[in-house]
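Taken together, the values in this text are just the output of simple stated rules run on the coordinates, not laboratory data. This is a predicted model, so every value here is computed, not measured. Here the Cβ positions follow ideal geometry from the backbone for every residue, glycine too, while neighbour counts run over all protein chains shown.
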Amino acid sequence: MLTEELSPKAQEIAARTRALLTAGGYHSFSYADLAAKVNITKASIHHHFPSKAQLVKTVVVQHREQMMQGLAQLESQLGDPVATLNAYVDHWAECIRTNAPPFCINAMLATELPTVPEEVAVEVRAHFEGLSDWLESVLTKGARRGRIQLRQDAASEARSLMAVVHGAMLVARALGDAGAFHTVVQPALRALVKSS
């Protein structure tokens, strides 16, 4: 369900759900918790989203759509693959530093895949597939332009970089140290950039 298809109240519910997912994942909240945050009844939430799985699926789809739009915009504005990768990493570094949002909801949900409803799991996987495809595209363009050095095929490099970025989010969160994110990610980026 696209954001523009949601009523203002449903959009507020989705936004609060996103914050709750970032903080603690799928199993960390109930409709009662959400009702208190949005200041409506549980029945009203059920009116907009009949099930928690449907609500979380909607939030994940919205997040993926926003991410893909943002990545496309980033790439078109910057043009250079190295600058694009750095901007992608810097986005997460800034989110972690300012705590807004400090963690990818899909990274949180991925840790819960064995226990979340299948309709949510499908969307989480689609998020990572989309991100991986985008990173692969940027790395391929960078290799063609002589800006990126691939040690293995672009698809494998994309998954490795995605794993480093999301792992760095975990390290920063676990240590309570926003700077740890760059400490983990920068060597991976440097290894990809062809020295002039």
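Numerical summary
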read-out	value
Helix-derived mean residue ellipticity, 222 nm - over the chain, DSSP H n ≥ 4, -39500 (n - 2.57), to 500	-25000 deg cm²/dmol
For Val193, residues with placed amide H under 5 Å, excluding near neighbours	Gln149
Degrees between helix 154-175 axis and first principal axis of the chain (Cα, 0 to 90, nearest 10)	60 degrees
Highest-MSF residue in the chain out of Ala178, Ala154, Ala72 [GNM, Cα springs under 10 Å]	Ala72
Length-normalised contact order for the chain - Cα pairs under 8 Å, 6+ apart - percent	21 percent
Listed values (i) 13.0; (ii) 19.5; (iii) 11.6, entry calculated as mean projected area of the Cα convex hull in nm²	(iii)
Estimated distance in nm for a label pair at Gln66 and Asp177, the labels positioned 7 Å out from Cα along Cα-to-Cβ	3.0 nm
Trypsin sites (Lys or Arg not before Pro) restricted to segment 85-167 and DSSP loop, no more than 14 other C-beta within 10 Å	Arg145, Arg151
